[in-house]
1. Can you work out which of the residues in the range B:22-42 that are crowded, with 22+ Cβ neighbours inside 10 Å and among the hydrophobic types (A, V, I, L, M, F, W, C) is nearest to the other protein chains (Cβ to nearest Cβ)?
2. So is residue B:60 part of a loop (DSSP other than H, G, I, E, B), surrounded by 15 or more Cβ atoms within 10 Å (Cβ to Cβ) and either out of contact with any Ser or Thr (no Cβ under 6 Å at 6 or more places or on another chain) or within 13 Å of another protein chain (Cβ to nearest Cβ) (or both) or not?
3. Using the structure shown, decide if residue B:111 is more than 20 Å from residue A:99 (Cβ to Cβ), surrounded by fewer than 20 Cβ atoms within 10 Å (Cβ to Cβ) and within 14 Å of chain A (Cβ to nearest Cβ).
4. Quick one: how many residues across the range A:31-74 are in a strand (DSSP E or B), in contact with a Ser or Thr (Cβ under 6 Å, 6 or more places away or on another chain) and either within 11 Å of chain B (Cβ to nearest Cβ) or buried (at least 17 other Cβ atoms within 10 Å of the Cβ) (or both)?
5. In the range B:79-107, how many residues are touching a Lys or Arg at 6+ places or on another chain (Cβ under 6 Å) and in contact (Cβ under 8 Å) with a residue 60 or more places away in the chain?
6. What are the pairs with Cβ atoms under 9 angstrom where one residue, in the range A:81-98, is at positive phi and the other, located anywhere, is assigned to a strand (DSSP E or B) and at pLDDT below 90? Sequence gap at least six, or different chains.
7. Filter the range B:2-21 for residues that are part of a strand (DSSP E or B) and among the β-branched types (Val, Ile, Thr); which is surrounded by the most Cβ atoms within 10 Å (Cβ to Cβ)?
8. May I ask you to verify whether residue A:15 is modelled with pLDDT under 95 and loosely packed, with under 13 Cβ neighbours inside 10 Å?
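The values are calculated or read from the model by the stated rules, or taken from the named source; none is laboratory data. Since we're looking at a predicted model, the values are computed, not measured. Counting neighbours? That spans all protein chains shown, and the Cβs are built from the backbone with ideal geometry, glycine included.
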Amino acid sequence: GEDVEQSLFLSVREGDSSVINCTYTDSSSTYLYWYKQEPGAGLQLLTYIFSNMDMKQDQRLTVLLNKKDKHLSLRIADTQTGDSAIYFCAERMDSSYKLIFGSGTRLLVRP
Amino acid sequence: KAGVTQTPRYLIKTRGQQVTLSCSPISGHRSVSWYQQTPGQGLQFLFEYFSETQRNKGNFPGRFSGRQFSNSRSEMNVSTLELGDSALYLCASTQAGNTGELFFGEGSRLTVL
């Protein structure tokens, strides 16, 4: 079945690293995504990883994919107050452009 | 390069009315998909269009419909509005092929009274 799970809340101190975790169930996923949503705004694409990759790094962001455990994580280095937002992971199936989203993780960065 | 543009950004309707939302994809993008975001159900897939054809549809009643024009712009329509249709409606666009990148607009926030 299709299901993506995330923890609801994460609080970190400014300057620390944040790690947001996600698990998915469909092994036929082609791409996995991380989006950021600030209050009153749409979804901002942060990064994505193809399912045959294990890791992708993009500036302060590192994505790790464990296909065996169907586990995806997003690490934000040197977390800033501007990183406070809701982070969604999503999986995309086969050749479709349909995304299945997790419920989102609210990240709070304390000064 | 302009992003995904959705109009209107905010609108208020009453039960029983119908509403049309518009989405202009990023130039060169031919696939447009729509999502509904509510506090209770989260982000749910509505439908996806490519070259004016609906390729995929989510689990929503027939009151929800959409279409795509030859210039890739898309509209979605909700008829006989219910209170539960109050939501943020998000549109996403992507190029054809296996590029991976899928960009969202700012959304249309619909309130049904």
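1. Filtering the range B:22-42 for residues that are crowded, with 22+ Cβ neighbours inside 10 Å and among the hydrophobic types (A, V, I, L, M, F, W, C), the one nearest to the other protein chains (Cβ to nearest Cβ) comes out as B:32.
2. Values: part of a loop (DSSP other than H, G, I, E, B): yes; surrounded by 15 or more Cβ atoms within 10 Å (Cβ to Cβ): yes; either out of contact with any Ser or Thr (no Cβ under 6 Å at 6 or more places or on another chain) or within 13 Å of another protein chain (Cβ to nearest Cβ) (or both): yes.
It is true that residue B:60 is part of a loop (DSSP other than H, G, I, E, B), surrounded by 15 or more Cβ atoms within 10 Å (Cβ to Cβ) and either out of contact with any Ser or Thr (no Cβ under 6 Å at 6 or more places or on another chain) or within 13 Å of another protein chain (Cβ to nearest Cβ) (or both).
3. For residue B:111, the condition - more than 20 Å from residue A:99 (Cβ to Cβ), surrounded by fewer than 20 Cβ atoms within 10 Å (Cβ to Cβ) and within 14 Å of chain A (Cβ to nearest Cβ) - is met.
4. Summing the residues that are in a strand (DSSP E or B), in contact with a Ser or Thr (Cβ under 6 Å, 6 or more places away or on another chain) and either within 11 Å of chain B (Cβ to nearest Cβ) or buried (at least 17 other Cβ atoms within 10 Å of the Cβ) (or both) in the range A:31-74 gives 3.
5. Matching residues across the range B:79-107 total 4.
6. A:94/A:29; A:94/A:30
7. Taking the range B:2-21 and keeping what is part of a strand (DSSP E or B), we get B:5-7, B:10-13, B:19-21.
Going one step further and asking which of them are among the β-branched types (Val, Ile, Thr), we end up with B:5, B:7, B:12, B:19-20.
On the way: B:5: 16, B:7: 13, B:12: 12, B:19: 18, B:20: 15.
Top of the filtered list is B:19.
8. Details: modelled with pLDDT under 95: no; loosely packed, with under 13 Cβ neighbours inside 10 Å: yes.
Judged against the criteria, residue A:15 is not a match.
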